[in-house]
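Report on the structure given below.
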């Protein structure tokens, strides 16, 4: 299985911290943020990893991580000229994916659970990871019957569940064709929820509930929380 980390974007919600560096390079206690999604993939045995970065900071990622040899990985890099939606990562990574299954993780998502067993047992369709939240209307909301997903709605006014879609996704070899068939949303982006809905329509979308911490460290509050959590775990 191939791994993709989407670490582009402008990080505008964390300005002025992101005026001089990428959000995914900001410190989370004792490590740059990007180390956490990297570790999620590496723990699951995924060594061949593409990191998608913004043009302004591409050199910073390469200086920090290099070829990945020190981490036991083989890293490659691609530039996302401007953020056109999460699903664009699949199109950018088409040649890298090369017809193989892949795991896509967002560069600002921190999980304390070990996802290795689910990732390693993945075979077909698509798989998302969900977390119960108190404010589901802010997220892509997933409704399930067991581990089978029965509906996904993006930021619904009346959520059908309290389970939010997190930033880790597993896809089979049909993902590139599905991503190519997407139309931009009203905000002009290729939405990850629309991509996942392609699998939902086939009846091949499953979900796992995240029991540990999930932090989308894209705001000052969530970044502060991430530092607290990782500090406690490091003691």
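In summary, helices (runs of 4 or more DSSP H) completely within region 1-97 and bearing 1 or more residues that are in contact with a strand residue (DSSP E or B) (Cβ under 6 Å, 6 or more places away or on another chain) and over 19 Å from residue 215 (Cβ atoms) occur at 58-65, 88-92, 94-97.
Would you be able to tell me the number of residues in region 210-223 that are out of contact with any helix residue (DSSP H, G or I) (no Cβ under 9 Å at 6 or more places or on another chain) and either over 27 Å from residue 125 (Cβ atoms) or free of Cβ contacts under 8 Å to residues at least 40 places away in the same chain (or both)?
Pass one, region 210-223, residues out of contact with any helix residue (DSSP H, G or I) (no Cβ under 9 Å at 6 or more places or on another chain): 210-212, 214, 221-222.
In the following step, the residues that additionally are either over 27 Å from residue 125 (Cβ atoms) or free of Cβ contacts under 8 Å to residues at least 40 places away in the same chain (or both) were identified as 221-222.
Of the residues in that region, 2 qualify.
For region 125-153, a residue qualifies if it is part of a loop (DSSP other than H, G, I, E, B) and surrounded by fewer than 13 Cβ atoms within 10 Å (Cβ to Cβ), and the qualifying residues are 134, 135, 146, 147.
Looking at region 61-75, which of the residues that are surrounded by 17 or more Cβ atoms within 10 Å (Cβ to Cβ) and in contact with a helix residue (DSSP H, G or I) (Cβ under 8 Å, 6 or more places away or on another chain) is nearest to residue 9 (Cα to Cα)? By that ranking, first place goes to 61. Going through 47, 2, 100, 19 one at a time, which residue ends up being surrounded by fewer than 18 Cβ atoms within 10 Å (Cβ to Cβ), at pLDDT 95 or above and either under 24 Å from residue 196 (Cβ atoms) or more than 19 Å from the chain's Cα centre (by Cα) (or both)? Criteria check complete, one pass: 100. Residues in region 154-177 that are in contact (Cβ under 8 Å) with a residue 40 or more places away in the chain and over 22 Å from residue 108 (Cα atoms): 172, 173, 175, 176. The criterion of being closer than 24 Å to residue 36 by Cβ, touching a helix residue (DSSP H, G or I) at 6+ places or on another chain (Cβ under 6 Å) and in a strand (DSSP E or B) does not hold for residue 207. In region 176-204, of all residues being outside any loop (DSSP other than H, G, I, E, B) and more than 20 Å from the chain's Cα centre (by Cα), the one that is farthest from residue 165 (Cα to Cα) corresponds to 202.
The values are calculated or read from the model by the stated rules, or taken from the named source; none is laboratory data. Since the structure is predicted, the reported quantities are computational estimates derived from the model, not experimental observations. Using ideal geometry, Cβ is built from the backbone for each residue, glycine included, and neighbour counts are taken over all protein chains shown.
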